[in-house]
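One structure is given below, encoded as C-alpha cells.
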Amino acid sequence: MIKSLSKPNKAPVVLQLKDIVKTYNSGNVQFNALDGVNLSIHKGEFVSITGPSGSGKSTLMHIIGLLDIPTSGQVLLEGKDISHFKEHQLAQIRNVTLGFVFQQFNLLPKTSALENAILPLLYSDVPASQRHQKGIEMLTKVGLESKLKNTPAQLSGGQQQRVAIARALINDPKIILADEPTGNLDSKSGRDVMDFFHQLHQKEGRTIIFVTHDRELANEADRIVIIKDGKIEIETKK
C-alpha cells in the first residue's frame, strides 16, 4: 500500500504508471519485480526513486525509460497509452522525449566528446552543421568547451559524466532519467554532477527522475519515492 505524504501537484502529468506489474521467470518460479506500481510524474518535478538492492528500482527505471515493457498495466506519456507500442515506436520516443544519464557513462571510447554528445541527433533529420553547433552548445553548457576533441580516455570521470549529460540534453527531452549518475564518481565530481542537475531543475524547469540507493542524495529531490519488494512503500515531499 502506498502511503503518500505529498501535497497535490497542479502541474500537468507528463508520465503516469498505472497498476504496473513486471513478472520474471526463474526456472519454474515466477516472481514480480514490480507488483502493482502506480506513479505520476509532473512537469518540472525533481523526483528521486530509492530503495534497497533488489527492491525493483532498476526495473522501475527500465519501465519509465521505455527500455522494457510491463507484463500488465499502463504507461501513459502525456496522457497517451504507449504500453504496447512496437520497439521501433518506443525507440523513436526514447530518442526525442527522454534523456538518459547512466552510472557507466556509456560513451563510445574512440570518439570525441563532441561526437558522443551529438549521437542522438544522428537518428534525426538535423543537418550535420547544425548537429555540431548544437553539440558545441551543450558541451559549453556543461563546462567542456575546451574538451570537444578529447576522447573519454582523455577525460576524468566527472568530465565523462558531463559529456553524458550533454548527450542527454541534446534533443531537449521532456524528461531526464538519471540512473545512479554519481555511482562511479569521487565525492567532488559527484557533488558537481548533482549541482548541475539542481541547476537544470531550478533554472530551466527540467523534469528529472533520479534513481539512487543513496538516501542522502535521494533527499535532495523535491519528491522521494521509496520502493521495496516491487511496491511503492512511501512517497514524500521535502
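The values are calculated or read from the model by the stated rules, or taken from the named source; none is laboratory data. Given the structure is predicted, the values throughout are model-derived calculations rather than measurements. Note that we place each Cβ from the backbone using ideal geometry, even for glycine, and neighbour counts take in every protein chain shown. Side chains are part of the model used for accessible areas, which takes the heavy atoms of the whole protein and leaves out ligands, DNA and RNA. Shrake-Rupley method; radii C 1.70, N 1.55, O 1.52, S 1.80 Å.
Applying a threshold of 8 Å to beta carbon distances and a minimum spacing of six or more residues, or different chains, the list of pairs starting in the stretch 43-69 at a residue that is under 14 Å from GLN103 (Cβ atoms) and of a type in the set (Lys, Arg) and ending at one that is at pLDDT below 95 and part of a loop (DSSP other than H, G, I, E, B) reads LYS57/GLY51; LYS57/HIS213.
Residue-wise test of (1) touching a residue at least 60 places away in the same chain (Cβ under 8 Å); (2) among the charged types (D, E, K, R).
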| residue | (1), (2) |
| --- | --- |
| MET194 | no, no |
| LYS203 | no, yes |
| ILE209 | yes, no |
| LEU217 | yes, no |
| ILE224 | yes, no |
| GLY230 | yes, no |
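Got at least one residue in the stretch 79-88 being under 15 Å from the mean Cα position of the chain (by Cα), part of a loop (DSSP other than H, G, I, E, B) and within 28 Å of ALA218 (Cβ to Cβ)? Within the stretch 79-88, not a single residue is under 15 Å from the mean Cα position of the chain (by Cα), part of a loop (DSSP other than H, G, I, E, B) and within 28 Å of ALA218 (Cβ to Cβ). Across the stretch 208-222, the number of residues qualifying as under 17 Å from VAL14 (Cα atoms) and buried (at least 22 other Cβ atoms within 10 Å of the Cβ) comes to 3.
Of the helices (runs of 4 or more DSSP H) lying entirely inside the stretch 140-238, those carrying at least 2 residues that are farther than 17 Å from LEU107 by Cβ are 187-204, 215-218. For the stretch 136-161, filtering for residues that are out of contact with any helix residue (DSSP H, G or I) (no Cβ under 6 Å at 6 or more places or on another chain), closer than 11 Å to ALA117 by Cβ and touching a residue at least 12 places away in the same chain (Cβ under 8 Å) leaves 2.
Exactly one residue out of VAL163, VAL126, VAL193 is at pLDDT 95 or above and of a type outside the set (Ser, Thr, Tyr), and it is VAL163.
Set side by side, the residues HIS62, HIS42, HIS84 differ, and just one is of a type outside the set (Asp, Glu), open to solvent by 70 Å² or more (accessible area, probe 1.4 Å) and under 21 Å from ALA168 (Cβ atoms), which is HIS62. Would you confirm whether or not the stretch 125-146 contains a residue that is open to solvent by less than 50 Å² (accessible area, probe 1.4 Å) and in contact with a Gly (Cβ under 7 Å, 6 or more places away or on another chain)? No.
The test for being surrounded by 15 or more Cβ atoms within 10 Å (Cβ to Cβ) and among the small types (Gly, Ala, Ser) holds for SER112.
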